[in-house]
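Structure first, commentary second.
The values are calculated or read from the model by the stated rules, or taken from the named source; none is laboratory data. No experiment lies behind these values; they were computed from the predicted model shown. As a convention, Cβ positions derive from the backbone with ideal geometry for all residues, glycine included, and neighbour counts pool all protein chains shown.
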Amino acid sequence: MKVPFFDWRRLYTAHADLFRSVIDTTLSQGRFILQQDVIDLERRLESMLKVKHAIAVSDATNAMLLGFRAAELSQGDEVILSSHAFLAAAQSIHHAGGVPVPVEIGNDWMTDPAAVERAITKKTRFIMAVQVNGRTCDMDEFGGIAARNNIRVVEDSAQALGARYKSGFAGTFGLWGVFSFYPSKTLGGFGDGGALVTSDDEIARRVRMMRNHGAGEDKTIRADVTLWGTNSRLDNVHAAVLNTKLDMYNQAIARRRAIASRYDTAFRKMPQLALPPSPGGDKDRFDVFQNYELEADDRDALRAHLDERGIGTIIQWGGIAIHRFRGLGFCQEFPRVDRFFERCLLLPMNELLTDEEVDYVIEGVQSFYE
Ligand SMILES: *Cc1c(COP(=O)(O)O)cnc(C)c1O
């Protein structure tokens with residue numbers, strides 16, 4: 001048996017007939033750019049997440065860039081985020097004129113709220129909650145820090161569509177949040193895709209205009225336009241596919257959580273591993289398991305052992321935390337993040353894995369430590 005980390009072909013072949021018919025219908029009717037399928041996707045995200053506005057865009061990285069521009073991030077404004085994050089978030093901050101300020105993680109591998117508080121300066125405009133692996137940060141802590149310091153929260157919830165903290169959905173806790181529909185994400189399309197959600201009317205208005213060259217709702221660019229737009233539209237055919245996949249989203253998340261439970265039951269008693277919280281093990285959170293990330297003794301040897309058995313694994317973000325990009329000007333030292341990156345590993349995790357494949361991964365891990 002072989003279990004690649006992600007079987008890209010399966011993304012299409014699992015429901016090929018359905019996708020063929022959706023794509024054929026959409027394209028044969030000439031619906032290419034900003035047609036009803038994009039509007040439908042936005043309305044569905046709004047009702048699913050109980051948020052006022054969802055704006056579909058080309059990808060999550062540009063969603064963040066537009067979010068910061070819409071919020072008028074100014075030259076030199078600081079945005080604090082976990083160093084255990086994807087460089088994309090820092091890039092968006094940089095290109096909007098801001099300064100990304102990475103911070104240390106806590107024992108739960110999420111952003112350490114105390115580190116956030118210590119990093120606040122007079123220049124801090126936003127604290128960004130990065131909802132890594134489909135699990136939210138402690139959003140009460142984030143909200144408290146923001147209120148005490150009179151700043152706003154924004155969310156890189158690219159990995160966390162449908163994740164909850166208490167009664168709120170990831171992406172809806174601050175001024176705005178973003179999602180990614182990159183193929184391997186929990187709601188993965190057949191190319192790039194993303195969305196920004198916000199309950200702020202003005203942010204929504206600006207992002208909607210900016211994604212389409214500054215055009216208004218009627219898709220017309222007026223001579224008196226007052227903000228610089230760009231092209232950051234989500235292709236309509238991708239929206240049509242995403243709408244079809246949204247019909248199956250609850251089952252997909254349930255399947256991911258079932259796989260996480262299977263890993264959890266098998267690994268919980270192994271002293272060589274540190275696991276993420278089990279699904280249902282934390283009453284304040286509903287995790288969507290974008291990834292199953294754990295810490296392992298002898299991580300590199302474990303990876304090689306799994307690789308020999310045809311089991312693919314990944315070290316997230318290519319193994320590079322934000323503060324390790326020294327060439328981009330970061331100079332912080334974060335021992336906890338560094339230690340985490342020496343030990344962390346992503347096991348195969350997606351809704352299309354069979355129980356047999358998951359068990360094969362489990363046996364591969366267990367046989368290494370026996
Ligand atoms: C995937 C991802 C992004 C980037 O999303 P794109 O849609 O590829 O731009 C940003 N942040 C996190 C945490 C991600 O996982």
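Each row is one residue, and each column tells you yes or no for (1) more than 16 Å from the ligand (Cβ to nearest atom); (2) without any contact (Cβ under 8 Å) to a residue 60 or more places away in the chain.
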position	(1), (2)
Gln35	yes, no
Val51	yes, no
Ala60	no, no
Met64	no, no
Leu73	yes, yes
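Just one of the listed residues (Gly174, Gly229, Gly214) is in a loop (DSSP other than H, G, I, E, B) and either within 16 Å of the ligand (Cβ to nearest atom) or within 16 Å of the chain's Cα centre (by Cα) (or both), and it is Gly174. In the range 177-192, the residue that is farthest from the ligand (Cβ to nearest atom) out of those that are within 12 Å of the chain's Cα centre (by Cα) and under 20 Å from Asn231 (Cα atoms) is Gly177.
Scan the range 139-159 and give yes if some residue there is surrounded by fewer than 24 Cβ atoms within 10 Å (Cβ to Cβ), of a type in the set (Asp, Glu), away from the ligand (no atom under 12 Å from the Cβ) and part of a helix (DSSP H, G or I), otherwise no. Yes. When Ser180 is tested against (1) surrounded by 21 or more Cβ atoms within 10 Å (Cβ to Cβ); (2) farther than 22 Å from Phe5 by Cα; (3) out of contact with any Leu (no Cβ under 6 Å at 6 or more places or on another chain), only condition (2) is not met. Considering only residues in the range 89-115 that are under 23 Å from Asn212 (Cβ atoms) and surrounded by fewer than 20 Cβ atoms within 10 Å (Cβ to Cβ), the one that is farthest from the ligand (Cβ to nearest atom) turns out to be Gly97. If you go through the range 118-135 and keep only what is in a strand (DSSP E or B) and either of a type in the set (S, T, N, Q) or away from the ligand (no atom under 16 Å from the Cβ) (or both), you end up with Thr124, Arg125.
Just for the range 12-58: of the residues that are assigned to a helix (DSSP H, G or I) and small (Gly, Ala, Ser), which one is nearest to Gly171 (Cα to Cα)?
Of the range 12-58, the ones assigned to a helix (DSSP H, G or I) are 12-13, 16-28, 36-49.
Then keep just the ones that are small (Gly, Ala, Ser); that gives 16, 21, 28, 47.
Values: Ala16: 31, Ser21: 32, Ser28: 34, Ser47: 13 Å.
Among those residues, the one meeting the criterion is Ser47.
A quick yes/no check of all residues on (1) of a type in the set (Ser, Thr, Tyr); (2) touching a helix residue (DSSP H, G or I) at 6+ places or on another chain (Cβ under 9 Å); (3) under 30 Å from Thr13 (Cβ atoms):
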| residue | (1), (2), (3) |
| --- | --- |
| Arg285 | no, no, no |
| Gly319 | no, yes, no |
| Arg339 | no, no, no |
| Val361 | no, yes, yes |
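Conditions tested, residue by residue: (1) farther than 24 Å from Leu161 by Cβ; (2) at pLDDT 95 or above; (3) buried (at least 24 other Cβ atoms within 10 Å of the Cβ).
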| position | (1), (2), (3) |
| --- | --- |
| Val3 | yes, yes, no |
| Arg44 | no, yes, no |
| Ala60 | no, yes, yes |
| Gly67 | no, yes, yes |
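Checked against (1) away from the ligand (no atom under 16 Å from the Cβ); (2) under 22 Å from Val3 (Cβ atoms); (3) within 20 Å of the chain's Cα centre (by Cα), Gly310 passes all but a single condition, namely (3).
Considering only the range 76-84, I want to know if a residue exists there that is buried (at least 17 other Cβ atoms within 10 Å of the Cβ), within 18 Å of Thr136 (Cβ to Cβ) and more than 15 Å from the ligand (Cβ to nearest atom). Checked against the condition, which is being buried (at least 17 other Cβ atoms within 10 Å of the Cβ), within 18 Å of Thr136 (Cβ to Cβ) and more than 15 Å from the ligand (Cβ to nearest atom), the range 76-84 yields at least one hit.
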